[in-house]
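Down below is the structure, laid out as C-alpha coordinates.
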Amino acid sequence: MSDAILFEMQDAVAIITINRPERRNAISAEVREGLFAAWRRFEADPAAKVAILTAAGDKAFCAGMDLKEASATGLKVPPFGFIPVLGDSVQVSKPTIAAVNGLAVAGGWLFAQMCDLCIAADHAMFAIAEAKVGRGTPWAAPLIHMLPQRIMMELLLTGEPMSARRLHEIGYINHVVPSAQLLPKSLELAERIAANAPLTVRACRALVYSSTEMGRTAALRTGDRIFEPVYMSEDAQEGPRAFAEKRPPLWKGK
(Lines give C-alpha, C1' and ligand atoms only; values in the text may rest on other atoms or scores of the structure.)
Protein backbone atom coordinates (compact mmCIF):
# COMPACT_ATOMS: atom_id res chain seq x y z
CA MET A 1 0.00 0.00 0.00
CA SER A 2 1.05 3.64 -0.44
CA ASP A 3 -0.01 7.08 0.73
CA ALA A 4 -1.91 7.48 -2.55
CA ILE A 5 -4.28 4.64 -1.60
CA LEU A 6 -5.74 4.14 1.87
CA PHE A 7 -7.20 0.83 3.05
CA GLU A 8 -9.29 0.37 6.16
CA MET A 9 -11.77 -2.16 7.48
CA GLN A 10 -15.09 -1.36 9.15
CA ASP A 11 -16.39 -4.73 10.34
CA ALA A 12 -16.78 -6.79 7.15
CA VAL A 13 -16.44 -3.82 4.78
CA ALA A 14 -13.15 -2.73 3.20
CA ILE A 15 -12.94 0.99 2.37
CA ILE A 16 -10.42 1.80 -0.35
CA THR A 17 -9.71 5.51 -0.78
CA ILE A 18 -7.84 7.26 -3.60
CA ASN A 19 -5.85 9.88 -1.70
CA ARG A 20 -4.57 12.55 -4.10
CA PRO A 21 -7.11 15.35 -3.60
CA GLU A 22 -4.56 18.00 -4.55
CA ARG A 23 -4.44 16.44 -8.06
CA ARG A 24 -8.18 15.65 -8.21
CA ASN A 25 -7.28 12.03 -7.38
CA ALA A 26 -5.82 11.53 -10.85
CA ILE A 27 -4.41 8.12 -11.76
CA SER A 28 -0.65 8.18 -11.27
CA ALA A 29 1.77 5.25 -11.13
CA GLU A 30 1.46 5.30 -7.34
CA VAL A 31 -2.34 5.17 -7.56
CA ARG A 32 -2.24 2.27 -10.02
CA GLU A 33 0.18 0.25 -7.90
CA GLY A 34 -1.74 1.03 -4.70
CA LEU A 35 -5.06 -0.05 -6.19
CA PHE A 36 -3.62 -3.33 -7.46
CA ALA A 37 -2.39 -4.03 -3.92
CA ALA A 38 -5.68 -2.94 -2.31
CA TRP A 39 -7.89 -5.12 -4.52
CA ARG A 40 -5.65 -8.15 -3.99
CA ARG A 41 -5.72 -7.55 -0.24
CA PHE A 42 -9.52 -7.34 -0.31
CA GLU A 43 -9.91 -10.53 -2.31
CA ALA A 44 -7.48 -12.48 -0.10
CA ASP A 45 -9.04 -11.46 3.23
CA PRO A 46 -11.88 -13.84 4.22
CA ALA A 47 -13.14 -11.28 6.74
CA ALA A 48 -13.71 -8.70 4.00
CA LYS A 49 -17.14 -9.31 2.44
CA VAL A 50 -17.73 -6.08 0.48
CA ALA A 51 -15.45 -3.26 -0.69
CA ILE A 52 -16.23 0.44 -1.14
CA LEU A 53 -14.06 2.45 -3.53
CA THR A 54 -14.09 6.19 -2.85
CA ALA A 55 -11.73 9.17 -2.85
CA ALA A 56 -10.47 11.94 -0.62
CA GLY A 57 -12.09 15.37 -0.62
CA ASP A 58 -15.39 16.46 -2.12
CA LYS A 59 -14.30 17.90 -5.46
CA ALA A 60 -13.25 14.84 -7.45
CA PHE A 61 -13.66 11.08 -7.26
CA CYS A 62 -11.02 10.72 -9.97
CA ALA A 63 -10.11 13.04 -12.85
CA GLY A 64 -8.74 10.17 -14.93
CA MET A 65 -5.19 9.60 -16.06
CA ASP A 66 -2.54 11.97 -14.73
CA LEU A 67 -1.97 13.63 -18.10
CA LYS A 68 1.23 15.34 -16.98
CA GLU A 69 2.69 11.95 -16.13
CA ALA A 70 1.35 10.42 -19.36
CA SER A 71 2.89 13.27 -21.38
CA ALA A 72 6.25 12.96 -19.63
CA THR A 73 6.41 9.21 -20.31
CA GLY A 74 5.11 9.44 -23.89
CA LEU A 75 2.41 6.87 -23.12
CA LYS A 76 0.87 5.40 -26.28
CA VAL A 77 -1.22 2.21 -26.10
CA PRO A 78 -1.59 1.32 -22.40
CA PRO A 79 -0.48 -2.32 -22.02
CA PHE A 80 -2.79 -4.90 -20.52
CA GLY A 81 -2.64 -4.60 -16.75
CA PHE A 82 -1.59 -0.96 -16.86
CA ILE A 83 -4.68 0.08 -14.88
CA PRO A 84 -6.32 -2.13 -12.22
CA VAL A 85 -9.71 -2.93 -13.79
CA LEU A 86 -12.00 -5.29 -11.89
CA GLY A 87 -13.11 -8.19 -14.06
CA ASP A 88 -10.22 -7.64 -16.46
CA SER A 89 -6.71 -7.06 -15.09
CA VAL A 90 -7.83 -7.75 -11.50
CA GLN A 91 -10.12 -10.63 -10.54
CA VAL A 92 -12.38 -10.01 -7.54
CA SER A 93 -15.19 -12.39 -6.63
CA LYS A 94 -16.84 -10.28 -3.92
CA PRO A 95 -19.21 -7.29 -4.26
CA THR A 96 -17.83 -3.80 -4.77
CA ILE A 97 -19.45 -0.36 -4.45
CA ALA A 98 -18.22 2.90 -5.97
CA ALA A 99 -18.91 5.87 -3.67
CA VAL A 100 -18.44 8.79 -6.06
CA ASN A 101 -17.74 11.96 -4.10
CA GLY A 102 -17.31 14.38 -7.01
CA LEU A 103 -16.08 14.58 -10.58
CA ALA A 104 -15.55 11.19 -12.27
CA VAL A 105 -13.85 11.68 -15.63
CA ALA A 106 -12.34 9.17 -18.10
CA GLY A 107 -10.47 6.68 -15.90
CA GLY A 108 -12.56 7.96 -13.00
CA TRP A 109 -15.69 6.91 -14.90
CA LEU A 110 -14.00 3.56 -15.51
CA PHE A 111 -13.38 3.08 -11.78
CA ALA A 112 -17.06 3.76 -11.06
CA GLN A 113 -18.17 1.56 -13.97
CA MET A 114 -16.10 -1.46 -12.93
CA CYS A 115 -17.71 -1.67 -9.47
CA ASP A 116 -20.89 -3.69 -9.07
CA LEU A 117 -22.93 -0.85 -7.57
CA CYS A 118 -22.60 2.94 -7.59
CA ILE A 119 -23.69 5.59 -5.12
CA ALA A 120 -22.98 9.23 -5.95
CA ALA A 121 -23.03 12.55 -4.14
CA ASP A 122 -25.69 14.87 -5.52
CA HIS A 123 -23.09 17.28 -6.91
CA ALA A 124 -21.11 14.56 -8.75
CA MET A 125 -20.58 14.81 -12.50
CA PHE A 126 -19.49 12.01 -14.83
CA ALA A 127 -17.72 12.34 -18.19
CA ILE A 128 -15.95 10.19 -20.76
CA ALA A 129 -13.66 12.97 -21.96
CA GLU A 130 -11.12 11.09 -24.07
CA ALA A 131 -12.42 12.62 -27.33
CA LYS A 132 -11.34 16.02 -25.99
CA VAL A 133 -7.73 14.93 -25.47
CA GLY A 134 -7.30 12.42 -28.30
CA ARG A 135 -7.11 9.32 -26.15
CA GLY A 136 -9.04 6.03 -26.39
CA THR A 137 -11.97 4.43 -24.58
CA PRO A 138 -11.76 0.66 -25.19
CA TRP A 139 -12.72 0.17 -21.54
CA ALA A 140 -16.16 1.69 -22.24
CA ALA A 141 -17.39 -1.36 -24.20
CA PRO A 142 -19.36 -2.83 -21.23
CA LEU A 143 -21.43 0.36 -21.07
CA ILE A 144 -23.65 -1.02 -23.85
CA HIS A 145 -25.12 -3.32 -21.17
CA MET A 146 -25.52 -0.45 -18.69
CA LEU A 147 -26.80 2.52 -20.72
CA PRO A 148 -29.14 3.06 -23.68
CA GLN A 149 -27.16 3.09 -26.92
CA ARG A 150 -27.86 6.73 -27.78
CA ILE A 151 -26.92 7.94 -24.30
CA MET A 152 -23.65 6.03 -24.56
CA MET A 153 -23.05 7.48 -28.03
CA GLU A 154 -23.65 11.05 -26.81
CA LEU A 155 -21.28 10.63 -23.86
CA LEU A 156 -18.50 9.16 -26.00
CA LEU A 157 -18.77 11.50 -28.96
CA THR A 158 -19.20 14.80 -27.12
CA GLY A 159 -17.01 14.19 -24.08
CA GLU A 160 -19.44 16.39 -22.17
CA PRO A 161 -20.31 15.67 -18.53
CA MET A 162 -23.59 14.26 -17.28
CA SER A 163 -24.96 14.75 -13.78
CA ALA A 164 -25.31 11.99 -11.23
CA ARG A 165 -29.02 12.72 -11.06
CA ARG A 166 -29.48 12.19 -14.82
CA LEU A 167 -27.48 8.96 -14.70
CA HIS A 168 -29.62 7.81 -11.78
CA GLU A 169 -32.76 8.48 -13.83
CA ILE A 170 -31.53 6.16 -16.59
CA GLY A 171 -30.42 3.42 -14.21
CA TYR A 172 -26.63 3.79 -14.22
CA ILE A 173 -26.37 4.92 -10.58
CA ASN A 174 -28.13 3.13 -7.72
CA HIS A 175 -28.54 6.06 -5.32
CA VAL A 176 -27.83 9.81 -5.28
CA VAL A 177 -27.42 11.34 -1.83
CA PRO A 178 -26.20 14.56 -0.21
CA SER A 179 -22.42 14.63 0.07
CA ALA A 180 -22.44 14.14 3.85
CA GLN A 181 -24.48 10.96 3.42
CA LEU A 182 -22.30 9.36 0.75
CA LEU A 183 -20.15 7.12 2.94
CA PRO A 184 -22.93 6.32 5.48
CA LYS A 185 -25.26 5.28 2.66
CA SER A 186 -22.52 3.23 1.01
CA LEU A 187 -21.72 1.51 4.30
CA GLU A 188 -25.39 0.81 4.94
CA LEU A 189 -25.71 -0.90 1.55
CA ALA A 190 -22.42 -2.78 2.02
CA GLU A 191 -23.47 -4.03 5.45
CA ARG A 192 -26.81 -5.30 4.13
CA ILE A 193 -24.95 -7.26 1.46
CA ALA A 194 -22.33 -8.53 3.92
CA ALA A 195 -25.08 -9.90 6.19
CA ASN A 196 -26.31 -12.25 3.46
CA ALA A 197 -25.09 -15.75 2.64
CA PRO A 198 -21.64 -15.19 1.08
CA LEU A 199 -21.79 -18.10 -1.37
CA THR A 200 -25.14 -16.95 -2.72
CA VAL A 201 -23.95 -13.34 -2.97
CA ARG A 202 -20.88 -14.32 -4.98
CA ALA A 203 -22.91 -16.60 -7.23
CA CYS A 204 -25.50 -13.87 -7.87
CA ARG A 205 -22.71 -11.50 -8.85
CA ALA A 206 -21.22 -14.10 -11.20
CA LEU A 207 -24.65 -14.78 -12.73
CA VAL A 208 -25.20 -11.13 -13.63
CA TYR A 209 -21.88 -10.79 -15.42
CA SER A 210 -22.13 -14.17 -17.15
CA SER A 211 -25.62 -13.33 -18.42
CA THR A 212 -24.37 -10.24 -20.25
CA GLU A 213 -22.28 -12.47 -22.51
CA MET A 214 -24.87 -15.00 -23.72
CA GLY A 215 -28.45 -15.60 -24.80
CA ARG A 216 -31.36 -16.67 -22.62
CA THR A 217 -31.00 -20.45 -22.73
CA ALA A 218 -27.23 -20.41 -22.33
CA ALA A 219 -27.61 -18.00 -19.42
CA LEU A 220 -30.11 -20.30 -17.71
CA ARG A 221 -27.81 -23.29 -18.03
CA THR A 222 -24.89 -21.22 -16.78
CA GLY A 223 -27.02 -20.22 -13.80
CA ASP A 224 -27.60 -23.90 -13.02
CA ARG A 225 -23.84 -24.49 -13.04
CA ILE A 226 -23.04 -21.43 -10.94
CA PHE A 227 -25.61 -22.20 -8.25
CA GLU A 228 -25.19 -25.98 -7.91
CA PRO A 229 -22.33 -25.62 -5.36
CA VAL A 230 -24.47 -23.11 -3.46
CA TYR A 231 -27.39 -25.55 -3.20
CA MET A 232 -24.97 -28.27 -2.02
CA SER A 233 -23.37 -26.08 0.67
CA GLU A 234 -23.80 -26.16 4.43
CA ASP A 235 -25.13 -22.61 4.26
CA ALA A 236 -28.01 -23.78 2.06
CA GLN A 237 -29.17 -25.94 4.98
CA GLU A 238 -28.39 -23.34 7.62
CA GLY A 239 -30.60 -20.66 6.06
CA PRO A 240 -33.91 -22.59 6.20
CA ARG A 241 -32.96 -24.06 9.59
CA ALA A 242 -32.35 -20.59 11.05
CA PHE A 243 -35.65 -19.38 9.60
CA ALA A 244 -37.52 -22.31 11.15
CA GLU A 245 -35.79 -21.73 14.51
CA LYS A 246 -36.47 -17.97 14.33
CA ARG A 247 -32.84 -16.93 14.75
CA PRO A 248 -30.22 -15.18 12.62
CA PRO A 249 -28.32 -17.56 10.33
CA LEU A 250 -24.68 -18.34 11.08
CA TRP A 251 -23.05 -18.33 7.67
CA LYS A 252 -19.90 -20.41 7.20
CA GLY A 253 -19.30 -19.67 3.54
CA LYS A 254 -19.11 -23.36 2.79
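The values are calculated or read from the model by the stated rules, or taken from the named source; none is laboratory data. Everything numeric in this text was worked out from a predicted model, so none of it was measured. Because the Cβ atoms are built from the backbone with ideal geometry, glycine has one as well, and the counts that use them run over all protein chains shown.
Pick from region 93-139 the residues that are among the charged types (D, E, K, R) and out of contact with any strand residue (DSSP E or B) (no Cβ under 7 Å at 6 or more places or on another chain): which of them is farthest from GLY253 (Cα to Cα)?
Of everything passing the filter in region 93-139, LYS132 is farthest from GLY253 (Cα to Cα).
Go over the candidates ALA180, ALA218, ALA236 one by one and state the one that is under 23 Å from the mean Cα position of the chain (by Cα) and of a type in the set (A, V, I, L, M).
Of the residues listed, the single one that is under 23 Å from the mean Cα position of the chain (by Cα) and of a type in the set (A, V, I, L, M) is ALA180.
VAL92 - would you say it is part of a loop (DSSP other than H, G, I, E, B), assigned by TED's automatic domain parsing to the domain that holds LYS185 and more than 28 Å from ARG192 (Cβ to Cβ)?
Taking the combined requirement at face value, the residue does not satisfy it.
If you take the residues of region 131-162 that are in contact (Cβ under 8 Å) with a residue 60 or more places away in the chain and either in a loop (DSSP other than H, G, I, E, B) or over 19 Å from the mean Cα position of the chain (by Cα) (or both), which of them is surrounded by the most Cβ atoms within 10 Å (Cβ to Cβ)?
Checked region 131-162; the qualifying residue surrounded by the most Cβ atoms within 10 Å (Cβ to Cβ) is ARG135.
For region 118-130, give me each residue that is crowded, with 19+ Cβ neighbours inside 10 Å and either over 19 Å from GLU154 (Cα atoms) or of a type in the set (D, E, K, R) (or both).
Hits for region 118-130 are CYS118, ILE119, ALA120, ALA121, GLU130.
Please verify whether region 196-207 includes one or more residues that are of a type in the set (Val, Ile, Thr) and surrounded by 18 or more Cβ atoms within 10 Å (Cβ to Cβ).
yes
Considering each of ALA72, ALA131, ALA106, ALA99 in turn, give the residue that is at pLDDT 95 or above and outside the structural domain of SER211 (by TED's automatic domain parsing).
ALA99
Test LEU117 against the stated conditions and say whether it is of a type in the set (A, V, I, L, M), under 25 Å from ASP88 (Cβ atoms) and touching a residue at least 60 places away in the same chain (Cβ under 8 Å).
yes
Looking at region 9-28, which of its residues are surrounded by 20 or more Cβ atoms within 10 Å (Cβ to Cβ) and small (Gly, Ala, Ser)?
Of everything in region 9-28, those that are surrounded by 20 or more Cβ atoms within 10 Å (Cβ to Cβ) and small (Gly, Ala, Ser) turn out to be ALA14, ALA26.
Of these, GLU188, GLU169, which one is over 28 Å from PRO46 (Cβ atoms), charged (D, E, K, R) and assigned by TED's automatic domain parsing to the domain that holds VAL50?
GLU169
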